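Asker: Take this structure, written in structure tokens, and hold onto it; I'll ask about it next.
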Amino acid sequence: MRILGIDPGLAIIGYGIIDSVGNNNKVVEYGAITTPSTMDMPSRLNLIHEELTNLIRTYLPDEVAIEELFFNTNIKTAIAVGHARGVEVLACSQMNLDIYEYTPLQIKQAVAGYGRADKKQVQEMVKILLNLDKIPKPDDVADALAVAITHSSSLKFKADFKIK
């Protein structure tokens, strides 16, 4: 099964594509979609949609896993990222992909074995679990791969995480 993991954002959208067979995960591609802050919001959202749709057409994932948003401070940032996440979900939905979401706590638990693991621990485990030479950068990319790994390890329970 080919899984597209997404770390949602507006300025930087991390993505990671893995092939999952049994307990083995192999990296297919990873990177980031970026939008300049100098662009207006509609243009940024359109760029995200186009880039993500092209990525899906190129790599043909079977399913998508996306991180659930969590904000506790800046409401303006939360709204902007919420708009972008909506476009990211829309692009995947338009490509007829099933979409699953995971909380940061679930991702940390699945990847590092501890729901309160710090970012560095999760990134190091992504590197180890996917047999990478170095931790993917920027952080959003490692986070996207962590989301994909989480989905891979949750396949037998995936109905619980599907966006309805």
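The values are calculated or read from the model by the stated rules, or taken from the named source; none is laboratory data. No experiment lies behind these values; they were computed from the predicted model shown. Cβ sites come from the backbone with ideal geometry, for glycine too, and all protein chains shown count toward neighbours.
Asker: Going residue by residue through region 26-36, is there one that turns out to be at pLDDT 95 or above and assigned to a loop (DSSP other than H, G, I, E, B)?
Answerer: Yes, region 26-36 contains a residue that is at pLDDT 95 or above and assigned to a loop (DSSP other than H, G, I, E, B).
Asker: Spot the failing condition for residue 65; the list is (1) over 20 Å from residue 162 (Cα atoms); (2) under 13 Å from the mean Cα position of the chain (by Cα); (3) among the small types (Gly, Ala, Ser), and only one is missed.
Answerer: (1) is the only condition that residue 65 fails.
Asker: Tally the residues that are at pLDDT below 95 and over 17 Å from residue 99 (Cα atoms), restricting the search to region 42-81.
Answerer: 12
Asker: Among the residues that make up region 143-158, is at least one of them touching a residue at least 12 places away in the same chain (Cβ under 8 Å), surrounded by fewer than 17 Cβ atoms within 10 Å (Cβ to Cβ) and in contact with a His (Cβ under 9 Å, 6 or more places away or on another chain)?
Answerer: Yes, region 143-158 contains at least one residue that is touching a residue at least 12 places away in the same chain (Cβ under 8 Å), surrounded by fewer than 17 Cβ atoms within 10 Å (Cβ to Cβ) and in contact with a His (Cβ under 9 Å, 6 or more places away or on another chain).
Asker: Residues in region 47-78 that are without any contact (Cβ under 8 Å) to a residue 40 or more places away in the chain and under 17 Å from residue 93 (Cβ atoms): how many?
Answerer: Selection size over region 47-78: 5.
Asker: Listed residues 22, 5, 31, 9; which is buried (at least 22 other Cβ atoms within 10 Å of the Cβ) and either within 22 Å of residue 132 (Cα to Cα) or of a type in the set (Lys, Arg) (or both)?
Answerer: Sole residue among the options that is buried (at least 22 other Cβ atoms within 10 Å of the Cβ) and either within 22 Å of residue 132 (Cα to Cα) or of a type in the set (Lys, Arg) (or both): 5.
Asker: Among the residues of region 79-86, is any touching a Lys or Arg at 6+ places or on another chain (Cβ under 6 Å), in contact (Cβ under 8 Å) with a residue 60 or more places away in the chain and surrounded by 14 or more Cβ atoms within 10 Å (Cβ to Cβ)?
Answerer: no
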